[in-house]
Every structure is written in C-alpha cells, then in structure tokens.
Amino acid sequence: MRAVRLLGVAACVIVTGCVTSATPSGSPSTPSVFVGTRTEYMQAVVQCLVKKGVSARFEVAEDGTPRVAMPATTKAQIDRNNAAQEECRKELPPTPEPTTDADFREFYAHLNAEAACVRQEGYETAPAPSFQKFLESARGTGIDWDPFRDVPPQLVDSVRAKCQTDPNKWW
Amino acid sequence: MSRNVIRTAVVSAASLALVALGAAAPARADVGENGTKYCGGSTPFSYVQFKTKGYRSWVAPGKGTQYGESGSTSSWYTGSRQGVDGGGSWFASGATNLDQAYTNGVCKNYG
C-alpha cells in the first residue's frame, strides 16, 4: 500500500493501464508497475473483465473504495469470475507497492491517523508497533497492524467509511 | 462452538484460494493459502470475513453480486461483509496475489 504516484497520470490510457519503469527500456530486471490511481486500476480491471465476457461494472463502495462488481449467483459463475479476475490481474501491470523506508514511514503515519480515528469513534485498536517493527514486518511476512481489525464486524464497514482516509490514494 | 467444513472448493490453475467453512454459530477460520475458498451449504450465515493481502474478491452471504478490490501485497487487510440471513447457498471467496498473498476466510453469525 503506498501513495499513488500521480505524475503522468493524465497521459495514461486507462484501457490498457499505464506502465512505467524506473530505468530506461531495455532493462528487463526492473519490474513495471501500473501508474495511475486506484480508481483507474479498477476501471482497467473492469474493461479487461468485460473483454473476457464477464458482466463487470465499476463502482465506488460506501467507504469510497473503488471496486468491480459482477453477477455471482452460482458457484460456477464465481469460479469464472475468479479465473477472469486472476487473468486480468496478471495481464495488467502490477499495482505499486512501497519500496523505500520513506514510503513505509508515510504509510505508517497514515495507519496511525486511522487508528486515532478508530479510537475517537470509541473502539479499541491494537497499539501501534514501533516503526522499526513495522518496517521489519513490511519487508517480511507483511504488515499485520490493521486499525480496523478489532472493530466489531457488524460495524467495521461504517467505521472504515468514517476513518479510512483517501481510499483512492492508498492501495 | 460447532463447526463443519461444508465445502472445500476448487482451486483453479490461477491459484485462487477458497475458504469453505460452515457452522451454526461462530465458526473459526479455515486458513488457506493462495487459492479461493467458499462458505456454503444449508446453514445460513450473516457475515463473511476475510483477511487478505493482494487483490481480494468476495460474495456476501445470500447476495448475488461479487466484488473485487485491489489491495497491497505488503499489508494485511481485514474485511467483514454482511449478507442476509437464511440464504440457501452462498459463497465467500478471496482471490489473492499469486506470489505472496494469502487469504483467510470465515463465515459467521453474530448475536
């Protein structure tokens, strides 16, 4: 999860997604990533799914998260949806991920702000790890500090809608 | 707490993960890796919960729409989606990143 780099977004073509590379072309070792907002990524997913015959549509969830919606009334249909989503995810450039300590420090601050909001709403949230531990988990098994984790499941969507900051910025 | 594994689902070649757990009252998570799992069967549930890294996808109990969202592969996401009680056959699924993502899914009732 990282702040989306917005430079050059305007020039991107949503249909195919935009690809950028930190090094000049011809450097196969440098992975390309999707350049654009999270909304644009999900719009690209929708277009890919439609091309594969899935009746997908783009929508924004109550908490502001961009997402794809598909009919799913049978297990077979869910299987087809899942397979198509996975194919599209492979066909599109990978989504951007934090890489530098500065990226992770920005994300750490973001999660701390969300945790403060959750507490302000009257719910418990796990204490923040130290940044050093946060960084170690980020570079290891994954950051496992979710400020919304201890909110009662019946309420987590509404609390997330109040406290999640800019879901189009953070992946 | 009673728990029954209702249906273990298809793991596709694309490495989707599927969580298949059913229980009358709170069920525990069936941990899966790199695949898709389903909750289903005759026992009605109200919620589906999942913990994922990477792209995620789900269908809430008794609902006819599946949703997909992008997600970071470096951070765990805890999701909870409410459906409707009394649904006959319904599913929870998580489609995750191939390389380093995992999904845990569980179906629960509260109250």
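Each value in this text was obtained by applying a stated rule to the coordinates, not by laboratory testing. Every value quoted in this text rests on a predicted model; they were computed, and no experiment measured them. We place every Cβ from the backbone using ideal geometry, glycine too, and count neighbours over all the protein chains shown.
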Taking the stretch B:47-67 and keeping residues surrounded by fewer than 24 Cβ atoms within 10 Å (Cβ to Cβ), more than 7 Å from chain A (Cβ to nearest Cβ) and touching a Ser or Thr at 6+ places or on another chain (Cβ under 6 Å) leaves B:LYS51
Condition first: touching a residue at least 40 places away in the same chain (Cβ under 8 Å), buried (at least 22 other Cβ atoms within 10 Å of the Cβ) and within 11 Å of chain B (Cβ to nearest Cβ). Now tell me which residues in the stretch A:31-47 satisfy that. A:PHE34, A:ARG38, A:TYR41, A:ALA44, A:VAL45
Top-ranked residue of the stretch A:80-89 - restricted to ones that are facing chain B (nearest Cβ under 8 Å) and not polar (S, T, N, Q), ranked as farthest from the chain's Cα centre (by Cα): A:ALA83
For the stretch A:129-171, what are the residues that are in contact (Cβ under 8 Å) with a residue 60 or more places away in the chain, touching a Phe, Trp or Tyr at 6+ places or on another chain (Cβ under 7 Å) and either over 18 Å from A:ALA113 (Cβ atoms) or more than 11 Å from chain B (Cβ to nearest Cβ) (or both)? none
Residues that are of a type in the set (Gly, Ala, Ser), more than 22 Å from A:LYS169 (Cβ to Cβ) and either in contact (Cβ under 8 Å) with a residue 12 or more places away in the chain or more than 8 Å from chain B (Cβ to nearest Cβ) (or both): does the stretch A:90-112 have at least one? no
For the stretch A:61-79, enumerate the residues that are surrounded by fewer than 18 Cβ atoms within 10 Å (Cβ to Cβ) and more than 7 Å from every other protein chain (Cβ to nearest Cβ). A:ALA61, A:GLU62, A:ASP63, A:GLY64, A:THR74, A:ALA76
